[in-house]
1. List the residue pairs whose Cβ atoms are under 8 Å apart, where the first residue sits in region 281-294 and is without any contact (Cβ under 8 Å) to a residue 12 or more places away in the chain, the second is part of a helix (DSSP H, G or I), and the two are 6 or more positions apart or on different chains.
2. Say whether the condition of being over 14 Å from the mean Cα position of the chain (by Cα), over 29 Å from residue 155 (Cα atoms) and basic (Lys, Arg) is met by at least one residue in region 257-266.
3. Among (1) over 21 Å from residue 102 (Cβ atoms); (2) out of contact with any helix residue (DSSP H, G or I) (no Cβ under 8 Å at 6 or more places or on another chain); (3) free of Cβ contacts under 8 Å to residues at least 40 places away in the same chain, which single condition is residue 182 missing?
4. Can you tell me which residue among 141, 119 is out of contact with any Phe, Trp or Tyr (no Cβ under 7 Å at 6 or more places or on another chain) and either part of a helix (DSSP H, G or I) or without any contact (Cβ under 8 Å) to a residue 40 or more places away in the chain (or both)?
5. For region 311-337, give me the residue count where each residue is touching a Leu at 6+ places or on another chain (Cβ under 7 Å), more than 18 Å from residue 281 (Cβ to Cβ) and free of Cβ contacts under 8 Å to residues at least 60 places away in the same chain.
6. State yes or no: is residue 68 farther than 30 Å from residue 212 by Cβ and either modelled with pLDDT under 95 or within 24 Å of the chain's Cα centre (by Cα) (or both)?
7. Given the criterion crowded, with 22+ Cβ neighbours inside 10 Å and in a helix (DSSP H, G or I), identify the matching residue among 325, 351.
8. Any residue in region 422-432 that is in a helix (DSSP H, G or I), acidic (Asp, Glu) and at pLDDT 90 or above?
Amino acid sequence: MSTHAASSSSSVPAFPATTANSTAAGASKALVIGIVGIVLTAIGIFVSGGSKVALSWLVGMTFWGGIALGMLFLVMIHHIFDASWSVILRRQFEHGLAAFKWLALLFLPLLLAVVVYPGTVWKWMDPNYDLSQVGGHGTVGADVLWVKKSAFLNPTTFIVVTFISFAIWAWLSARLRNASFAQDSDGDLRWTYKNRVTSAFGLPLAAITLTLAIVLWVKSLDYHWFSTMYGVWYFANCARSALSAGIIIMVWLWCRGDYKGILNNNHLHSIGQLMLAFTIFWAYVTFSQYFLIWNANVPEETFWYNLREINNTDGLPNQWKWVGMTLLFGHFVVPFLTLLSYKRKLNKRVMPRVAIWIAAIFLLDLIYNIWPAKKTSGGDPLPFFAVHQLWTLTAVVGIGGICIWAYLRSFPTTKLIPIRDPRIEECLTYHESSAD
């Protein structure tokens, strides 16, 4: 056991030491990068059109929003299970939750599109939308499937659910952050109990709003499609991406000296175990969704996958088929085989790379789910390799810059770790025997 817990500093890349002031400098740089990314994305409206840029913006919002939601869920799960090993990781997630209010603000352009240009992104927003533009026939208003779903699929529901979802996420985050930070000052156990209560009612609230939001934002892009697993699929990605962000943050803090003597190999091992668990969970949910649709072989369901494999016009494989194959191996096989190794889970050089890989594949998964909804007049999805993906990149960089700025802005406002949490000593001395 002690051999496993020994330091593996020889495997760590040599990064230059940074000072406390570097956090403020990093926040300024992140803000500048974020603003530049947002401006470049806005310029894309004049190059590729508003609908394509809106889809790119939606990819960026669901990617960074997914990371923030994963952090929120993991913080609440920590409190519900009264976990000890994750106390130091929880503090970094609490800083990450500062991004929610800015994500709500960044979602406003999409809400503006709903009000001013209905049907531009979500065609069901406009009952007069001509479905022949995307290989269909008639209008949305005459589509029996939309008529049956119109009580849910309408602009009012979309806007209300979006506002309520962000309000709940921001409110839960504020309660969890404020109680945790307050405990650093007075050490009162009531803050721990308060966060347990918040998590008890917060988990179902977050689960319901996450499901409603992702169904309206992404799944409804192809509103004919049915899936009962979509919310769970997104949750699995949220948790994996949040854990990946946690690995990157903690190794960064370790490399610059903040977490020396705090982060040990057993923390890394436990995070790696969770990453492996959610990798398997994602594969289970995704395979179950595919298998059930394939087995039923109902055209109203299979079209979603057919669209992402073959062209409607000539029956030939399209670019999205190879994106799907990349997801199969990149989302499951590669991280699964990598994270099976005990030693690799302790390696501070390997784990951040695995984390970046998982986050990148999550982004690709969102692109795979969102972009094929934009079709040609023949009903084929736009190609994966095209100029419009440039705006996806700028949107991800722009929104990401703001989220990282929010994290770094929150970072110096409280203690590095929850020094008066009742589980902090157990966390700092965490070893394998305590997990058995």
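The values are calculated or read from the model by the stated rules, or taken from the named source; none is laboratory data. Computed from a prediction, not measured in an experiment: that's the story for all the values here. Methodologically, a virtual Cβ is constructed for each residue, glycine included, from the backbone with ideal geometry; neighbour enumeration extends over all protein chains shown.
1. Close Cβ pairs satisfying both conditions: 294/302; 294/305.
2. Within region 257-266, one or more residues are over 14 Å from the mean Cα position of the chain (by Cα), over 29 Å from residue 155 (Cα atoms) and basic (Lys, Arg).
3. Result: residue 182 passes all but (2).
4. None of the other options fit; the residue is 141.
5. The number of residues fulfilling the criteria is 1.
6. No, not satisfied.
7. 351
8. Yes, region 422-432 has at least one match.
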